[in-house]
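The values are calculated or read from the model by the stated rules, or taken from the named source; none is laboratory data. Just so it is clear, the model here is predicted, and its values are computed rather than measured. When we count neighbours, we look across all protein chains shown, and the Cβ atoms used for this are built from the backbone with ideal geometry, even at glycine. Each accessible area value is taken on the protein alone, full model and side chains, heavy atoms only, with ligands, DNA and RNA left out. Shrake-Rupley method; radii C 1.70, N 1.55, O 1.52, S 1.80 Å.
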Amino acid sequence: SPVAVVYAGGGIETGRSGSGLLTGAYMGNETVSAQLERAFKAPGVKAVVMRVESPGGSALASNLIDHTVQRLKRETGKPFLVSMGSVAASGGYYISAHADRIYADRATYTGSIGVLFVKPSLEGFYARHDVRQDVFERGDWMGGTSFGEDWSPQFQASADSAVRRHYDLFVSKVADGRGLDPKVVDEVAQGRVWLGADAMKHRLVDRI
C-alpha cells in the first residue's frame, strides 16, 4: 500500500522551515504541519511515516505540530508511524509521542522529556565595565527577559512555575500517546536521555 513519508529534521522553531548561519537547517511548525496535512490527505495514501531527526527546540512549535498530528489522525483514521534517526529527543520526542508505532535505532538518542529555559544576565558584567543601561519599562513584567538585569525573586518564581507547567504538559502528552500512567512517564522523564534499546525497555519506543 502507498505510504507517505514526511521528513522532520533539525531544531524545532515557530513559523516556516529554513536555515540559519549558526544553527543550520531547522524545521518550522507551519512547514511540517502543511507537509503532514498533504501526506495524510493525499488520495491513495494508506499510512504516514514521519522520519524524525531532531534534538528539539521550541515548546510552542512542538505542541502545534503535535496538535496537527492528533487532528489528522482523527480526521483520516490513517496510521501514523515515527521512524527515529540518530536523535529524536526533547521536542523531537514530543512530536513523536502520538504515533501509533515508534521505531528507533539501538543507538538513537531519544527521550529527554524535560523543559529547559535559559535567561542570561549581563548585569554583573555591565557593573564591572561601567556600562550604563537606561531602562524604560511599561508594566511590572517588562524586564523579565532582559539580558541587562538579574531576575528578581518574583521573576524567578514565575519562571519556575511556567517551566513546571510545561513539564507537566509534556509528561501528560507522552502518557496519553503511549498509554502510560503519568507517574510511570515521570520516572523516566526529568530530562534524561535514553538510547533506543533502553527507551524500548521503558516503553518510550515500540521497536528497534
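Once you have the Cα-Cα distance between residue 37 and residue 164, take 0.36 nm times their residue separation minus that, and quote the gain in nm to one decimal.
On the way: separation 127, 0.36 × 127 = 45.72 nm, distance 3.15 nm.
In short, 42.6 nm is gained.
Just subtract the alpha-carbon distance of residue 76 and residue 46 from 0.36 nm times their residue separation and send over the number in nm, one decimal.
Working: separation 30, 0.36 × 30 = 10.80 nm, distance 0.97 nm.
Going from the current span to full extension adds 9.8 nm.
Among 182, 120, 199, which residue has its Cα positioned farthest towards the positive end of the charge dipole of the range 119-205, with +1 placed on the Cβ of Lys and Arg, -1 on the Cβ of Asp and Glu, and the dipole taken about the Cα centre?
Farthest towards the positive pole: 199.
Label points 7 Å out from Cα along the Cβ direction at residue 197 and residue 22: separation in nm?
3.8
Given a 1.4 angstrom probe, I'd like the percentage of the accessible area of the chain that is carbon and sulfur, rounded to a whole number. Don't jump to the answer; show the numbers that get you there.
Values: 6340 of 11750 Å².
Exposed carbon and sulfur together represent 54 percent of the surface.
Which is the longest part of the chain that has none of the chymotrypsin sites (Phe, Trp or Tyr not before Pro) sitting in a DSSP loop with at most 12 other Cβ atoms within 10 Å? Please list the in-between numbers first.
Values: sites that count: 117, 136, 141, 147.
Answer from the scan: 1-116.
Taking the Cα centre of the chain as origin and charging only Cβ (+1 Lys, Arg; -1 Asp, Glu), how large is the dipole, in debye to the nearest 20? Please list the in-between numbers first.
Working: 24 positive and 23 negative charges, 214 e Å.
Rounded to the nearest 20 debye, it is 1020 debye.
Please compute the per residue accessible area over the chain with all protein chains in place, 1.4 Å probe, rounded to a whole number of Å². Can you show the working numbers first?
Numbers: 11750 Å² over 208 residues.
Each residue of the chain exposes 56 Å² on average to a 1.4 Å probe.
Please give the net charge around residue 166, taking every other residue with its beta carbon less than 12 angstrom from that of residue 166, where Lys and Arg add +1 and Asp and Glu add -1. Numbers along the way, then the final one.
Details: positive: 164, 165, 173; negative: 160, 168.
Net of charged neighbours comes to +1.
Quote the Stokes-Einstein diffusion coefficient, in whole µm² s⁻¹, for the chain, based on the Kirkwood radius over alpha carbon pairs, a temperature of 25 °C and a viscosity of 0.890 mPa s.
It diffuses with D of about 132 µm²/s by this estimate.
Please give, to one decimal in nm, the separation of the simple spin-label points placed at residue 131 and residue 116, each 7 Å out from Cα toward the Cβ.
2.4
Could you pull out which residues in the range 104-138 have an amide N less than 20 Å from a spot 7 Å beyond the Cα of residue 208, following the Cα-Cβ vector?
104-112
Classify the range 48-102 from the C-alpha gyration tensor, please: rounded if a/c falls under 1.5, else prolate or oblate depending on whether a/b exceeds b/c. Before the final figure, lay out the partial values.
Values: a/c = 2.90, a/b = 1.33, b/c = 2.18.
In terms of gyration-tensor shape, oblate.
Rounded to the nearest 500, what is the 222 nm mean residue ellipticity of the chain from helices alone, with -39500 (n - 2.57) per DSSP H run of 4+ residues and division by all residues?
Values: 7 runs with 80 residues, N = 208.
Computed ellipticity for the chain at 222 nm equals -12000 deg cm²/dmol.
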